[in-house]
Structures are given as C-alpha cells and as structure tokens.
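Chemist: Below is one structure. I have some questions about it.
The values are calculated or read from the model by the stated rules, or taken from the named source; none is laboratory data. All of these numbers come straight from a predicted model, not from anything done at the bench. Glycine also receives a Cβ, built like all others from the backbone with ideal geometry; neighbour counts cover every protein chain displayed. Each accessible area value is taken on the protein alone, full model and side chains, heavy atoms only, with ligands, DNA and RNA left out. Shrake-Rupley method; radii C 1.70, N 1.55, O 1.52, S 1.80 Å.
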Amino acid sequence: MFIQTEATPNPATLKFLPGKVVMENGTAEFRDAEEAAAGSALASRLFMIPGVTGVYFGYDFITVTKEDQEWQHLKPAILGSIMEHFMSGQPVMAVQTRAEESDQDGEFFEEGDETIVATIKELLETRVRPAVAQDGGDITFKGFRDGTVFLNMKGACSGCPSSTATLKHGVQNLLHHFIPEVQAVEAV
C-alpha cells in the first residue's frame, strides 16, 4: 500500500492520501483521544501517537494535526498506523454516522431567509468545499444572521494561519458577489 502525503496551508496539519475511500459519505473530525476511541479505530490508533492533536476524515484523505513535534519524527508512525488499519480490513468509523446530518443540528437563521441560506449552502457546496478539501479541510454552514454568515472550519482549516484570509478574501467576496445581503463571514 502506498500512501501519499501533501502539505496543507496549515503547517501543523499534514494530509495523507491512502489511495482508498476513507469516508463514503460525510466527514468526521476528532479533537481528542476519548472522542476518537468512541468513534473510530483508525482515529484512536492515530491519537496513540504522541503529539497528535487532531484527526479529520474526508472522502479520500485523512488530515492529522500535531503539536510541537517535527513531521519527520511523526510521519513514519502515522503512515504505519494508517497502513495497518487499512490492511486489517476494519471500517474507518465504529458506527457509520451521518456527519452532514449532525452538522445541520444547531443551524440558525431568521424566518424568511430560507432562500438566501439555500443559495449560501449551494455556493459553499459547489465552489468552496471542493477547493478547501484539496487543502485537507472543510467549511460547513452554521448560520446566517444580520448579514453575517457563520461557518464551521474543520480539518486543516481549523487553526490554520491563512484561514482568516480564506474566509475574508475568498469566501466572503464570493458570497457577497452572488448574494449582496452577505456583508461578513465569521468562523464559529
């Protein structure tokens, strides 16, 4: 099994491409070992590596976020853990969850803004998320209120130094161009 790695705009996050589908539907993010142990054998295995602070699963990639350690020290253990997992034939998720459905929990927007929200979601789905996935992350809709769009940043996007520029200069400008009611974009 050959696993490719790619740098992301976030220096604390590296993208691993196992050459297989990781998550058939949706995405999954784990921020600690306890959460990982309950949801995914692979994420749990990755959190056993000292220095790993985050794991994110996309369709065909895994992003791993680290603390202060150097990638040259962590990468062999991460590659080994990913390879062992896929060779074992175990599923990636302990229980197949519908991450996108859970993302919709807690969405907020004013009554009457349904059309604007539908357009925002469509633009995020077709123009923003594919580009962000290339960098090992994800951006999902959380809410819309008083001209401000609230978004969840996941994977490599979470904590990325360039995420503010991505939001303000990329996503905000795109949404405002198509939806004049959008005045600002904020990360939740």
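Chemist: Check the range 4-14 and report whether any residue there is out of contact with any His (no Cβ under 8 Å at 6 or more places or on another chain), more than 19 Å from TRP71 (Cβ to Cβ) and part of a loop (DSSP other than H, G, I, E, B).
Modeler: No, there is no match, as no residue in the range 4-14 is out of contact with any His (no Cβ under 8 Å at 6 or more places or on another chain), more than 19 Å from TRP71 (Cβ to Cβ) and part of a loop (DSSP other than H, G, I, E, B).
Every residue, every condition in (1) open to solvent by less than 10 Å² (accessible area, probe 1.4 Å); (2) more than 20 Å from PRO91 (Cβ to Cβ); (3) touching a helix residue (DSSP H, G or I) at 6+ places or on another chain (Cβ under 9 Å), yes or no:
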| residue | (1), (2), (3) |
| --- | --- |
| LYS20 | no, no, yes |
| MET23 | yes, no, yes |
| GLY26 | no, no, yes |
| MET48 | no, no, yes |
| THR53 | no, yes, yes |
| TYR59 | no, no, yes |
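Chemist: Determine whether VAL64 is within 20 Å of ALA156 (Cβ to Cβ) and outside any loop (DSSP other than H, G, I, E, B). Please lay out each step first, then the result.
Modeler: On the way: within 20 Å of ALA156 (Cβ to Cβ): yes; outside any loop (DSSP other than H, G, I, E, B): yes.
For VAL64, the condition - within 20 Å of ALA156 (Cβ to Cβ) and outside any loop (DSSP other than H, G, I, E, B) - is met.
This table checks each residue for (1) surrounded by fewer than 13 Cβ atoms within 10 Å (Cβ to Cβ); (2) at pLDDT 90 or above.
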{"site": "GLY137", "(1), (2)": "no, no"}
{"site": "THR140", "(1), (2)": "no, no"}
{"site": "THR148", "(1), (2)": "no, yes"}
{"site": "ASN152", "(1), (2)": "no, no"}
{"site": "GLY159", "(1), (2)": "no, no"}
{"site": "LEU167", "(1), (2)": "no, no"}
{"site": "PRO180", "(1), (2)": "yes, yes"}
{"site": "ALA184", "(1), (2)": "no, yes"}
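Chemist: Follow-up. What single numbered condition from (1) touching a helix residue (DSSP H, G or I) at 6+ places or on another chain (Cβ under 6 Å); (2) of a type in the set (Gly, Ala, Ser); (3) modelled with pLDDT of 95 or more fails to hold for ALA77?
Modeler: Failing condition for ALA77: (1).
Chemist: All but one of (1) in contact with an Asp or Glu (Cβ under 7 Å, 6 or more places away or on another chain); (2) at pLDDT 90 or above hold for PHE108; state the number of the condition that does not hold.
Modeler: Result: PHE108 fails condition (1) only.
Chemist: Same structure again: Kindly establish whether PHE109 is open to solvent by 20 Å² or more (accessible area, probe 1.4 Å), in contact with a helix residue (DSSP H, G or I) (Cβ under 6 Å, 6 or more places away or on another chain), under 23 Å from ILE139 (Cβ atoms) and not basic (Lys, Arg).
Modeler: Considered against the rule, which asks whether it is open to solvent by 20 Å² or more (accessible area, probe 1.4 Å), in contact with a helix residue (DSSP H, G or I) (Cβ under 6 Å, 6 or more places away or on another chain), under 23 Å from ILE139 (Cβ atoms) and not basic (Lys, Arg), PHE109 comes out as yes.
Chemist: So which pairs qualify, if the first residue must be in the range 174-188 and small (Gly, Ala, Ser), the second must be part of a strand (DSSP E or B), the Cβ gap must be under 7 Å, and the two must be at least 6 apart or on different chains?
Modeler: Once the first residue is small (Gly, Ala, Ser) and sits in the range 174-188, its partners that are part of a strand (DSSP E or B) give ALA184/THR148; ALA187/LEU151; ALA187/MET153.
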